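Working notes for the structure below.
The values are calculated or read from the model by the stated rules, or taken from the named source; none is laboratory data. Because the structure is predicted, anything quoted here is derived from the model rather than measured. Don't worry about glycine lacking a Cβ; one is built from the backbone with ideal geometry, like all the others, and counts go over all protein chains shown.
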Amino acid sequence: MQVTPYEKQSLDLVMRIPPDENSVGASGSACTYGGITMQIDPFPPAAFEKQKQRDKAWVTVSGVGDTAFFFDRRGEWAELFVTFGTRVLTIQMDIPTGQTATSIQPNVIALAKALLAKMK
């Protein structure tokens, strides 16, 4: 709730949808809640490197994990891929109407930093 880009009125509607947790990849997990999907270890870091080479529009983000890249997914959601040690974190955050991936980038980064601090 502290990092959501939604205004209070819209957030109340978004938060009515219950969290959805799933297993992903060989040993990862994912949770979707409040317009945000987070994945922990959905794939190994080597797969991340291959994807990075395919998607040339990724923007490097410093100060988050060992490596981090931000991406605008067609103006629908903002995505952040982070590697830290042998682990991978991904965050996909919905872009509310009237905002852009760039305008919510600080929200996505704040969430990543909070999660990484808890995972150390």
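Assessment of the stretch 83-97 against the conditions (surrounded by fewer than 20 Cβ atoms within 10 Å (Cβ to Cβ) and more than 26 Å from Ser23 (Cα to Cα)) yields at least one matching residue.
Any residue in the stretch 93-114 that is assigned to a loop (DSSP other than H, G, I, E, B), without any contact (Cβ under 8 Å) to a residue 40 or more places away in the chain and touching a strand residue (DSSP E or B) at 6+ places or on another chain (Cβ under 8 Å)? Yes, the stretch 93-114 has at least one match.
Taking Gln39, is it without any contact (Cβ under 8 Å) to a residue 60 or more places away in the chain, surrounded by 13 or more Cβ atoms within 10 Å (Cβ to Cβ), under 20 Å from Thr4 (Cβ atoms) and among the polar types (S, T, N, Q)? Yes; evaluated as a whole, the condition is true for this residue. Is it true that some residue in the stretch 70-84 is part of a helix (DSSP H, G or I), touching a helix residue (DSSP H, G or I) at 6+ places or on another chain (Cβ under 9 Å) and among the aliphatic types (A, V, I, L, M)? No, the stretch 70-84 has no match at all.
For the stretch 3-54, a residue qualifies if it is at pLDDT below 75 and assigned to a strand (DSSP E or B), and exactly one does: Asp20. Considered as a group, the residues in the stretch 55-66 that are at pLDDT 90 or above and not aliphatic (A, V, I, L, M) include one that is nearest to Leu89 (Cα to Cα), and that residue is Gly65. Pairing residues of the stretch 59-72 that are farther than 12 Å from Gln105 by Cβ with residues that are surrounded by 11 or more Cβ atoms within 10 Å (Cβ to Cβ) and of a type in the set (Ser, Thr, Tyr), at Cβ distances under 7 Å and at least 6 apart in sequence or on separate chains, gives Gly65/Thr83; Asp66/Thr83; Thr67/Thr83. Remark: Ala26 matches the filter, which requires a residue to be farther than 19 Å from Lys118 by Cβ and over 12 Å from the mean Cα position of the chain (by Cα).
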